[in-house]
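Only one structure is covered here, and it is reproduced in the block below.
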């Protein structure tokens, strides 16, 4: 130990007088200052009206009655942890320790916490500053008096000359033990100090002395009240009012100390001991007259809550205009503050209270309530989905997790406490509903943005659509699916019951998306028709919406009604897109089909080559379409081409003569085989259409006497082939009348009876939907027709 610590008084004097004073002179100066201080504060007490016999007061100066060597230890209220600004502490600094002999004596004079037998008047204030505190320290398990004396003696020097020693002391970890529940109340003075003096003690935070004098004043009041009965004089009413005012001031001071205790633990550590004992004593005397009507424990709990409120309000909160992650940052800092504060309560504050105060539990419950109120105030500022998710995640997950209330540093104390926030009734439900609404709004904005991006990246610059596995496909189905899945997954982390609501919200917005997309697509790309790029766009969106529908089918089990509604909208869009492509194809090939079965057709292949080229181009587009739609699309176009090609035979545009029927039949057969190959490549499901061209070409090529022998395959394949259709085919063949013509028609009638109408597959109707432009029944055989007419009218 250095010299300053061995002879602190000498060091103190040397600092004050620059080394010009000796140690023996210091002792005299100290005693002189003590006497002057006692006299200055005893004179008002002797003149106080509350002194029963001012002239006969038994209060004597401890400095006059006792030698300096018998001075007791300092009061616990003047320990190193007391406020440095207190004038009592400043003056009491002279009496911390005289020398090593005084220390040795006081170490052996520890007594139980009891009042001095000196008469209690104003000299009690200074005597209490020197009153023995060893027994109190021992009962509260504080360090020894010798250690406290040294710490107090070295404090001014450490603050001014040796800051490094202060830093070392701050790093020392003291092993704390729980404060005892039972205590011995110091002797209550016979005569209390004046109201002004007690109030001054409260202001200076000399709480123990102030409280004991309040108790003395309260006992006086009770005694006088019993003596006077119901007829209370004005003096008694005044005393009751003074008691109420002083108690109110004491409670305010205590609440302030408690409120600040978690912010300045080192400053208020010793004061909290007196605070706890005062509260305990007042709770015991709650039924006695002269005190405050409400509970001191409740006031203490409220002060704890106020301290927690100050901590929470002090957490930094940025404006969302300055930081997009303002809420996440704030909640992170809030969680850190909670843990650090509760760690401080667990490590330091709780040792200044008896177990009955349940200090840690009180702070935890205060945080539950204050944080719940704080979040309620933040809620109106939360307007974005990401912030709302951060708030719900913090409430439902993080607050109870090991990051905050479940922190390892708070164990095992926290194991007995609830980790749930105390939220206003209905607040969590309100947040969850708001979250669903925000999901819906966010989904709507996302879908609008998808259309905007499609315009900016594709339609505006007429960009070729992308391909994936040789299929035309846009990127937006995956973007939408990823967004929906992300929202669903995030909601599952918050609350399992929230998942279905989020899925419903997403699907409700998706239900209107196909029509919105279709409207904008037509508006932006209608001018491209009938360019190949226009066709590619249609195929791209047929594939894309089908892919999106398949993604959404994953939620069929949880939300079947909403999924079915979305499917209907997607199917409607795909059908409309395919119908537009079909109509465009029909418009393209209609001129070429109309010139089939004409004189020009018989001698020129240009029209069929054009038809063949259009079908091949369509087949190439179908290669970029999903197989599910290709088959349906190709089948419908296959039916249309067959119906229109064969339908030209029914229009009586041309009749073969001079054996041209053989050439015509051969040409039909050749072209028909090409059509079969084209539609087979397109995966058409209408194989039943292949027979009609071959059967008709066979009939056309035959001699007129052999035609009736080749009708059966045609009738069997197409039971809806009627007499009027056969007459049109015979007209194209060049057989318009005569006996053979009649026999052929009779044969058809017989064959149709054999096959029967019951064998007709209504899904395979060809000729039934095919119109014959002219009725040739009468003109085909006028002789038999006329005879039949005469017979019916004879």
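Could you please give the count of residues in the stretch 221-239 that are surrounded by 14 or more Cβ atoms within 10 Å (Cβ to Cβ) and free of Cβ contacts under 8 Å to residues at least 60 places away in the same chain?
Of the residues in the stretch 221-239, 3 are surrounded by 14 or more Cβ atoms within 10 Å (Cβ to Cβ) and free of Cβ contacts under 8 Å to residues at least 60 places away in the same chain.
Of all residues in the stretch 340-353, which are crowded, with 18+ Cβ neighbours inside 10 Å and within 27 Å of the chain's Cα centre (by Cα)?
341, 342, listed by residue number.
Pairs, please: C-beta under 6 Å, at least 6 apart or cross-chain, first residue without any contact (Cβ under 8 Å) to a residue 12 or more places away in the chain and not assigned by TED's automatic domain parsing to the domain that holds residue 640 and in the stretch 674-687, second buried (at least 19 other Cβ atoms within 10 Å of the Cβ) and not in a helix (DSSP H, G or I)?
From the stretch 674-687, no pairs qualify.
Looking at the stretch 200-213, which of the residues that are in contact with a helix residue (DSSP H, G or I) (Cβ under 6 Å, 6 or more places away or on another chain) and part of a helix (DSSP H, G or I) is farthest from residue 269 (Cα to Cα)?
Of everything passing the filter in the stretch 200-213, 213 is farthest from residue 269 (Cα to Cα).
Just to check your reading of the model, which residue among 304, 308, 339 is within 17 Å of residue 273 (Cα to Cα) and in a helix (DSSP H, G or I)?
Details: 308 fails: within 17 Å of residue 273 (Cα to Cα); 339 fails: within 17 Å of residue 273 (Cα to Cα).
None of the others qualify; the one that does is 304.
I'm trying to understand the selection: among the residues of the stretch 421-432, which are exposed (fewer than 13 other Cβ atoms within 10 Å of the Cβ) and either touching a residue at least 60 places away in the same chain (Cβ under 8 Å) or touching a helix residue (DSSP H, G or I) at 6+ places or on another chain (Cβ under 9 Å) (or both)? Explain how you work it out, then say what you get.
Let us first name the residues in the stretch 421-432 that are exposed (fewer than 13 other Cβ atoms within 10 Å of the Cβ), namely 424-426, 429.
Listed by number, the list holds a single entry, 424.
Here is a list: 521, 513. Which entry is closer than 27 Å to residue 475 by Cα, surrounded by 17 or more Cβ atoms within 10 Å (Cβ to Cβ) and at pLDDT 95 or above? Walk me through it before giving the result.
Values: 521 fails: at pLDDT 95 or above.
Answer to the check: 513.
Collect the residues in the stretch 275-296 that are part of a helix (DSSP H, G or I) and in contact (Cβ under 8 Å) with a residue 24 or more places away in the chain, keeping them in residue-number order.
Keep residues of the stretch 275-296 that are part of a helix (DSSP H, G or I), which gives 275-284, 296.
Matches in the stretch 275-296: 275, 276, 277, 278, 279, 280, 281, 296.
Might you check whether a residue that is assigned to a helix (DSSP H, G or I), in contact with a strand residue (DSSP E or B) (Cβ under 7 Å, 6 or more places away or on another chain) and surrounded by 20 or more Cβ atoms within 10 Å (Cβ to Cβ) occurs anywhere in the stretch 542-555?
Step one: of the stretch 542-555, the residues assigned to a helix (DSSP H, G or I) are 542-555.
Now drop any that are not in contact with a strand residue (DSSP E or B) (Cβ under 7 Å, 6 or more places away or on another chain), which leaves 543.
If we keep only those that are surrounded by 20 or more Cβ atoms within 10 Å (Cβ to Cβ) too, we end up with 543.
Taking every residue of the stretch 542-555 in turn, at least one turns out to be assigned to a helix (DSSP H, G or I), in contact with a strand residue (DSSP E or B) (Cβ under 7 Å, 6 or more places away or on another chain) and surrounded by 20 or more Cβ atoms within 10 Å (Cβ to Cβ).
Please list, ordered by residue number, the helices (runs of 4 or more DSSP H) wholly in the stretch 408-525 having 2 or more residues that are farther than 25 Å from residue 561 by Cα.
Details: elements: 427-454, 476-494, 496-511, 513-525.
Fully inside the stretch 408-525 and qualifying: 427-454, 513-525.
Across the stretch 351-362, what is the total count of residues that are touching a residue at least 60 places away in the same chain (Cβ under 8 Å) and either outside the structural domain of residue 303 (by TED's automatic domain parsing) or in a helix (DSSP H, G or I) (or both)? Explain how you work it out, then say what you get.
If we filter the stretch 351-362 for residues that are touching a residue at least 60 places away in the same chain (Cβ under 8 Å), which is where we start, we get 351-357, 362.
Still in the list and also either outside the structural domain of residue 303 (by TED's automatic domain parsing) or in a helix (DSSP H, G or I) (or both): 351-352, 355-357, 362.
The number of residues fulfilling the criteria is 6.
Do you know which residues across the stretch 580-591 are in contact with a helix residue (DSSP H, G or I) (Cβ under 9 Å, 6 or more places away or on another chain) and surrounded by fewer than 20 Cβ atoms within 10 Å (Cβ to Cβ)? Before you say what the answer is, go through the steps one by one.
Let us first name the residues in the stretch 580-591 that are in contact with a helix residue (DSSP H, G or I) (Cβ under 9 Å, 6 or more places away or on another chain), namely 580-582, 584-586, 588-591.
Once the filter is applied, which keeps residues that are in contact with a helix residue (DSSP H, G or I) (Cβ under 9 Å, 6 or more places away or on another chain) and surrounded by fewer than 20 Cβ atoms within 10 Å (Cβ to Cβ), the stretch 580-591 yields 580, 582, 584, 586, 588, 590, 591.
Tell me, which residue of the stretch 386-407 that is assigned to a loop (DSSP other than H, G, I, E, B) and in contact with a helix residue (DSSP H, G or I) (Cβ under 8 Å, 6 or more places away or on another chain) is farthest from residue 499 (Cα to Cα)?
Start the filter on the stretch 386-407 by keeping residues that are assigned to a loop (DSSP other than H, G, I, E, B), which leaves 399-407.
Subsequent filtering for residues that are in contact with a helix residue (DSSP H, G or I) (Cβ under 8 Å, 6 or more places away or on another chain) retains 399, 402-407.
Numbers: 399: 21, 402: 25, 403: 25, 404: 26, 405: 26, 406: 26, 407: 29 Å.
Restricting to residues being assigned to a loop (DSSP other than H, G, I, E, B) and in contact with a helix residue (DSSP H, G or I) (Cβ under 8 Å, 6 or more places away or on another chain), the top hit is 407.
The values are calculated or read from the model by the stated rules, or taken from the named source; none is laboratory data. Predicted, not measured: the structure shown is a model, and the values here were computed from it. So basically every Cβ, Gly included, is an ideal-geometry build from the backbone, and we count neighbours across all protein chains shown.
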